[in-house]
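Student: Dropping a structure here in structure tokens format, bear with me for questions.
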Amino acid sequence: MMKGMETKEMTNCFCGSDKLFSECCEPLLKGVSKAPTAEALMRSRYSAYATADIDYIEQTMHSSTKPDFNRESARKWAEESQWHGLEILNVTGGKEDDAEGSVEFIAAYSQKDERIKHHELASFRKEGGAWTFVDGRILYQPFRRDQPKIGRNDPCPCGSGKKYKKCCGKK
């Protein structure tokens, strides 16, 4: 039985579709059906990571990327993560009649009590009539400060009366 799937028939799908897992991604993971679109493949791959189904992850990779796949690393990452949800931000191409497509998404998970949002633009291509994952490019959100940056020679905000570099700004 897959990790966390004791009551999978009554569990909402990990991919965030609001469908039951047994009616959404599970048939894809079991090989009963194939993903009709790049987005469906993306969703099923997220569910595969959430259930640590590394065989499915490898099976749905484009042949050009399989030689670089590290099963053990992927398995460890999947098993050590707590999966919180998938948000699809944008889909370009990737429909049933297309040959290529891309999906921009944010996958939320946590490891060692640190919550992480993985923002990626994933590329997909049909191979042998089936959608496959080609590669992904991590997208970063710009860091924005809530308050102005404190200069080294500014008074320390803790109220000590010392310069920041001699107080809380010490390395």
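The values are calculated or read from the model by the stated rules, or taken from the named source; none is laboratory data. Fair warning: this is a prediction, and the values are worked out from it, not measured in the lab. All Cβ positions, glycine included, derive from the backbone under ideal geometry; neighbour counts span all protein chains shown. Surface areas here come from the heavy atoms of the whole protein model, side chains and all, with no ligands, DNA or RNA. Shrake-Rupley method; radii C 1.70, N 1.55, O 1.52, S 1.80 Å.
Student: Given the conditions (1) at pLDDT below 95; (2) open to solvent by less than 40 Å² (accessible area, probe 1.4 Å); (3) more than 18 Å from the chain's Cα centre (by Cα), which single one is not true for Glu6?
Tutor: Against the list (1) at pLDDT below 95; (2) open to solvent by less than 40 Å² (accessible area, probe 1.4 Å); (3) more than 18 Å from the chain's Cα centre (by Cα), Glu6 comes up short only on (2).
Student: Tell me, yes or no, whether the stretch 62-69 has at least one residue that is surrounded by fewer than 15 Cβ atoms within 10 Å (Cβ to Cβ), without any contact (Cβ under 8 Å) to a residue 40 or more places away in the chain, within 26 Å of Glu127 (Cα to Cα) and among the hydroxyl-bearing types (Ser, Thr, Tyr).
Tutor: No, that holds for no residue.
Student: Among the residues of the stretch 128-151, write down those that are among the acidic types (Asp, Glu) and at pLDDT 75 or above.
Tutor: Hit for the stretch 128-151 is Asp135, nothing else.
Student: Return yes when Trp77 is without any contact (Cβ under 8 Å) to a residue 60 or more places away in the chain, of a type in the set (Phe, Trp, Tyr), out of contact with any Leu (no Cβ under 7 Å at 6 or more places or on another chain) and surrounded by 11 or more Cβ atoms within 10 Å (Cβ to Cβ) and no when it is not.
Tutor: Yes, satisfied.
Student: Filter the stretch 42-60 down to the residues that are within 13 Å of Trp131 (Cα to Cα) and surrounded by 23 or more Cβ atoms within 10 Å (Cβ to Cβ) and list them by number.
Tutor: Met42, Arg43, Ser44, Arg45
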